[in-house]
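Everything on this sheet refers to the single structure shown next.
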Amino acid sequence: MLEFLDKIPAEYTSGLVGSSKSCVLAKLAPLPAGRHGRLIITSSTEQAQKIKSEIELISGREVHLFPALDVIPGEERAPSLEVAGERLKIELLWQEEIITVAPVRAVMVKTIKKLENLRISAHQNIGRESLIEKLIGFGYKRLPIVGERGEFSVRGGLIDIFPVNSEWPVRLELLDEKVESLRSFDPQSQRSLKEEIDIIILPRQEKYEVPVFDRLPSGAEIVIDEPLQVSQWADRFYAEVVSWRGEENCLTYEEILRRKTSEASSFLMPGQSPIFSAAPKFFGRLEEMQGELREKADYKIYLVSRHAARLKEVIDLPVISGELSAGFIYEAGKIMVLTDYEIFGAEFKPSRAKKPAPEGVDESLLADLNEGDYVVHENYGVGIFRGLSKLPEVEGEPLLIEYAGGDKLYVPLTMLGMVEKYSGGGDYQPKLSRLGSAEWIKIKNRVKKSVKDMTKELLELYAARRRTTGLSFPKDDVWQVELENTFPYEETPDQLRAIREVKRDMESGQPMDRLVCGDVGYGKTEVAIRAAAKAAASGRQAAILVPTTILAEQHYHNFKERFKSFPFTVEMLSRFKSKPEQKNIIKALATGGIDIIIGTHRLLSKDIKFSNLGLLIIDEEQRFGVASKEKLKQIKKNVDVMTLTATPIPRTLYFSLSGARDLSLINTPPLDRSPVRTYVLAWNEAVIREAILRELDRGGQVYFVYNRVEKIEGMAAKLKKMVPEARIGIGHGQMREKNLEEIMVKFLNHEYDVLLCSTIIESGIDIINVNTIIIDEADRLGLSQLYQLRGRVGRGPVRAYAYLFYHPEKVLTETALERLKAVQEFTALGSGYKLAMRDLEIRGAGNLLGAEQSGHLLAVGFDLYCELLEEAVREVKGIPEPTPRQVEIDLKTEAFIPADYIEDERQRIAVYRRMNLLEHPADLIDLKAETEDRFGQIPAPLLKLLEIMDLKLTAKERGVKSIKQKDDQIRIEYFNGSSQTFSGLKIGEIKDRIAPRIGK
């Protein structure tokens, strides 16, 4: 609890200024005797998040946010399970003394009459079939693998459940009818996290039956925050409900007021004198602030700031680490509270919504192979996958591939690493190879030679750069540490790795030339900000070069915001600056008056001179023209260079190239990003209106994609009629560039609520405040295009929504229907990502590698191309050890995964493939532990297969090419041409007979 809270009077609930309101609301805690909980009703979700954040900081108590449903009563769509689960969980908690904040629309909608729950504890007795029956009764879906809330799966005595009210799914291990183990697990990796004592499972959905207030315990206190605003928002929401004919499921505001409520308001009551007043504003003028505060010697002054550590060094006053929206003065108590708003002019950002647990299963756990898919075998070429098969004379269940002429190839389980799904990008269909023909070997050898030549060239350039002397920046200083501490998000592992790699390059004394790849919103800008800070802190200038004025404006906003409280001067040079402004900026740049400059190709003009340039950051270099690139070559010679690209480059290609190029890959989405809820719907103006108003309710913005530019003005008129409350801007590719830029900048600055646009936003800027996208005639767009468009939203911690509309009067093609269905199914990050992103990745690979290599990539398929590239890098670098795929093991023994152990064929194939591609014995031990965790005790045939895989890893390390069995004879062949033959050996004995260092 903050020290000054004791001195704030709780009896004044009107005339509240700044965060004094949250102090008064927090002061009401601890709850008076006989009161059981407090519910604070706000106008909007945005206001609820602000109050929650402030009360938590001020009181030190946890405050719960009761969320509004993301549908309206009367709509056919069901609410998202995440929201429904959170509501039911909080309703269950109302039996305890808790503080809850809720937007008014959340408490207007009715809730379930009887909240049933199922509590399961470790070591209790529970019937397997009765549990399954109960879960189905609660509305849970039974699936082969659990990835999202409201799902469960059964594998013998193991039952996985993802309760809608839980952060993580749980795994029950039953022995007879006793819960032997109860543990939470990560849905993406499917690995157990920790043992749990007990869990509570709530129904999958909330029903509209009784008022939410009936769930509150008697004596609970209800406070309405800003009654005038709450009343307006409530009336507007009720009108929406009436338009959906759902009023029987919803309360009016008058019905809420019939409950016993109190108020908290910033307006003074008639006849009341002001108790609180606004705090003075200094907006970065720290010396002036210190002088003025010294004159207030009779006041107790408190500073509340995100920059507490640094303020303590320069100001001799109590500084509290945290964030409040605005300060206030309590004259009677001689108390002044200043926040980052008064001190630095920084806007208040409520503490982030609780990080959602990741949803969706990692793609490596589900084989991306369906019967009929094209596959490529490294030794035999392109064929068609026909599934796992059973043959009397073949052990286990070999994978069947059909080739030209109907020829069949049965691939042993120990050689599945030789088979990849064929990916060529777009709708390209490869020609089937013919077994026994030399044509495939010729194609593969041609690709291998070309890849090897390219690799040699890359490695030579890489080595030459390593021999050159460049700048050497010092280690991080206090400013950089402070900058990192004020980053409002949690860095992803990929992002942290990229930051480390960039800093290491800058400190090395060799010229940096690093490419940082990552989708828009994955955190490349923060990598650039920290690199620029490192340059500026050492007295060097940093230049950020971008291809468009819009991007310059956005980067300028981001850099300005991050460096607001730091002694670095950030400027922008673009068309948005007047001629006199440009002249002053150019002069300051030449004399060292600017530390960080952001600009378009204007930065490459002849009149631009740097005082002491140390770092050049280029965003999307491929979008600059030939002349600009030539000028860049000259600048690059003398400074450290970092290039950013949003074109996705797959991890496989990254690993293949990492030995030949300085690449940093940010492939993991931000930790607080949650999957985009996607709806495919027939055109419905009521849904569109509600979707826009819901986004406005939480202070957000909306993209409305309409790809018929000739009719876009008509659509704008229709939208204005539909949602008169919204400010609508129009942007499309046929506008004059300057006009388009002005519209985009206004949208960026939140001067518009809705951007009605064509698909120009597909590879557009990253606006974290846009969290709803509406796409009209979505059936006319391609899968990767739909995926990219949907990726424009969901870049922050709040739930994002995508509405894909089609017009029912038009006949949808089967392909269009499949596309829409596919996008709707890809709601979880990681699930289906591979399929939708493959075209984009291949395009990215083409950009990186050039046209000739793109042709080779089509010849052998993307995945095999990456394997061949990795082998070429190893070969050119003189690394003799073979890859796991190249070692062939063919032994006559019952070694396979029984179908009753892993019933789902996609999961079974995935485990086979992962086994075949393991590099180290430790990885095999880990996979064994994971398999036992996920599927239970390992059966004998699988133990035998794991033993063979252990043998394969030993063989790889010792240069073995193949181990084959014929009758009683075991023949071992080495990559150096030698061989050994033994009789009557068991698998464990073969391992001991392999020559220790042959082939090394």
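The table for this structure:
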{"quantity": "Those residues of segment 299-319 which are assigned to a strand (DSSP E or B) and open to solvent by 30 Å² or more (accessible area, probe 1.4 Å), in sequence order", "calculated": "Lys300"}
{"quantity": "Odd one out for Asn739, checked against (1) farther than 30 Å from Ser243 by Cα; (2) at pLDDT below 85; (3) open to solvent by 30 Å² or more (accessible area, probe 1.4 Å); (4) not hydrophobic (A, V, I, L, M, F, W, C)", "calculated": "(2)"}
{"quantity": "Residue in segment 941-956 that is farther than 30 Å from Leu366 by Cβ and in a helix (DSSP H, G or I) present", "calculated": "no"}
{"quantity": "Helices (runs of 4 or more DSSP H) completely within segment 16-99 that count 2 or more residues being within 31 Å of the chain's Cα centre (by Cα) and either farther than 24 Å from Arg236 by Cα or modelled with pLDDT of 90 or more (or both)", "calculated": "45-59, 81-93"}
{"quantity": "Boolean, Gly936 is small (Gly, Ala, Ser) and under 19 Å from Thr883 (Cα atoms)", "calculated": "no"}
{"quantity": "Any chance Leu409 is open to solvent by less than 40 Å² (accessible area, probe 1.4 Å) and under 35 Å from the mean Cα position of the chain (by Cα)", "calculated": "no"}
{"quantity": "Residue among Lys390, Lys281, Lys349, Lys296 that is over 30 Å from Ile443 (Cα atoms), open to solvent by less than 80 Å² (accessible area, probe 1.4 Å) and either in contact (Cβ under 8 Å) with a residue 24 or more places away in the chain or not hydroxyl-bearing (Ser, Thr, Tyr) (or both)", "calculated": "Lys296"}
{"quantity": "Segments classed as helices (runs of 4 or more DSSP H), wholly inside segment 755-855, with at least 3 members that are modelled with pLDDT under 65 and open to solvent by less than 10 Å² (accessible area, probe 1.4 Å)", "calculated": "833-849"}
{"quantity": "Given (1) within 26 Å of Leu81 (Cβ to Cβ); (2) open to solvent by less than 10 Å² (accessible area, probe 1.4 Å); (3) out of contact with any helix residue (DSSP H, G or I) (no Cβ under 9 Å at 6 or more places or on another chain), index of the condition Ile712 fails", "calculated": "(1)"}
{"quantity": "Residues that are part of a loop (DSSP other than H, G, I, E, B), surrounded by fewer than 18 Cβ atoms within 10 Å (Cβ to Cβ) and among the small types (Gly, Ala, Ser), drawn from segment 190-231", "calculated": "Ser218, Gly219"}
{"quantity": "Matching entry among Val241, Val210 (being within 20 Å of Arg38 (Cα to Cα) and touching a residue at least 12 places away in the same chain (Cβ under 8 Å))", "calculated": "Val210"}
{"quantity": "Any hit, segment 551-572, residues being in a helix (DSSP H, G or I) and open to solvent by less than 10 Å² (accessible area, probe 1.4 Å)", "calculated": "yes"}
{"quantity": "Residue in segment 323-341 that is open to solvent by 30 Å² or more (accessible area, probe 1.4 Å), among the hydroxyl-bearing types (Ser, Thr, Tyr) and in a helix (DSSP H, G or I) present", "calculated": "yes"}
{"quantity": "Breaking point among (1) within 23 Å of Phe805 (Cβ to Cβ); (2) part of a helix (DSSP H, G or I); (3) open to solvent by 40 Å² or more (accessible area, probe 1.4 Å), for Lys746", "calculated": "(1)"}
{"quantity": "Failed criterion for Phe935 (all others in (1) over 30 Å from Asp904 (Cβ atoms); (2) at pLDDT 90 or above; (3) among the aromatic types (Phe, Trp, Tyr) hold)", "calculated": "(1)"}
{"quantity": "Residue match in segment 145-163 (condition: touching a Leu at 6+ places or on another chain (Cβ under 7 Å), in contact (Cβ under 8 Å) with a residue 24 or more places away in the chain, open to solvent by 30 Å² or more (accessible area, probe 1.4 Å) and not in a loop (DSSP other than H, G, I, E, B))", "calculated": "no"}
{"quantity": "Filtered residue count, segment 207-226, keeping only those that are at pLDDT 95 or above and out of contact with any helix residue (DSSP H, G or I) (no Cβ under 9 Å at 6 or more places or on another chain)", "calculated": "1"}
{"quantity": "Leu942 vs. criteria at pLDDT 90 or above, buried (at least 19 other Cβ atoms within 10 Å of the Cβ), in contact with a helix residue (DSSP H, G or I) (Cβ under 6 Å, 6 or more places away or on another chain) and of a type in the set (A, V, I, L, M, F, W, C)", "calculated": "no"}
{"quantity": "Hits in segment 958-972 (condition: open to solvent by less than 70 Å² (accessible area, probe 1.4 Å) and not in a loop (DSSP other than H, G, I, E, B))", "calculated": "Val960, Ser962, Ile963, Gln965, Ile970, Ile972"}
{"quantity": "Residue ID - surrounded by the fewest Cβ atoms within 10 Å (Cβ to Cβ), chosen from residues in segment 887-897 that are of a type outside the set (Val, Ile, Thr) and in contact with a Leu (Cβ under 7 Å, 6 or more places away or on another chain)", "calculated": "Phe896"}
{"quantity": "Residue that is open to solvent by less than 20 Å² (accessible area, probe 1.4 Å) and not in a strand (DSSP E or B), where the choices are Val107, Val179", "calculated": "Val107"}
{"quantity": "2 or more residues modelled with pLDDT of 75 or more: qualifying helices (runs of 4 or more DSSP H) within segment 576-666", "calculated": "579-591, 626-636"}
{"quantity": "Counted residues, segment 899-921 - those being open to solvent by 20 Å² or more (accessible area, probe 1.4 Å) and either in a loop (DSSP other than H, G, I, E, B) or of a type in the set (A, V, I, L, M) (or both)", "calculated": "9"}
{"quantity": "Residue satisfying all of: in segment 978-1000; open to solvent by 70 Å² or more (accessible area, probe 1.4 Å) and in a loop (DSSP other than H, G, I, E, B); modelled with the highest pLDDT among these", "calculated": "Lys986"}
{"quantity": "Selection count where residues are within 35 Å of the chain's Cα centre (by Cα), among the aliphatic types (A, V, I, L, M) and within 13 Å of Leu857 (Cβ to Cβ), scope segment 416-465", "calculated": "2"}
{"quantity": "Selection status of Leu268, under 37 Å from the mean Cα position of the chain (by Cα), over 25 Å from Glu116 (Cα atoms) and open to solvent by 50 Å² or more (accessible area, probe 1.4 Å)", "calculated": "no"}
{"quantity": "Residue under evaluation Ile136, criteria (1) touching a helix residue (DSSP H, G or I) at 6+ places or on another chain (Cβ under 9 Å); (2) open to solvent by 70 Å² or more (accessible area, probe 1.4 Å); (3) of a type in the set (A, V, I, L, M), criterion not met", "calculated": "(1)"}
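Let's see how each residue does on (1) out of contact with any Gly (no Cβ under 8 Å at 6 or more places or on another chain); (2) modelled with pLDDT of 90 or more; (3) assigned to a loop (DSSP other than H, G, I, E, B):
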site	(1), (2), (3)
Leu416	yes, no, no
Ser423	no, no, yes
Gln429	yes, no, yes
Trp440	no, yes, no
Val451	yes, no, no
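The values are calculated or read from the model by the stated rules, or taken from the named source; none is laboratory data. These numbers come from a predicted model, not from an experiment. Backbone-built Cβ (ideal geometry, glycine too); neighbour counts: all protein chains shown. The accessibility values were calculated without ligands, DNA or RNA, using every heavy atom of the protein model including side chains. Shrake-Rupley method; radii C 1.70, N 1.55, O 1.52, S 1.80 Å.
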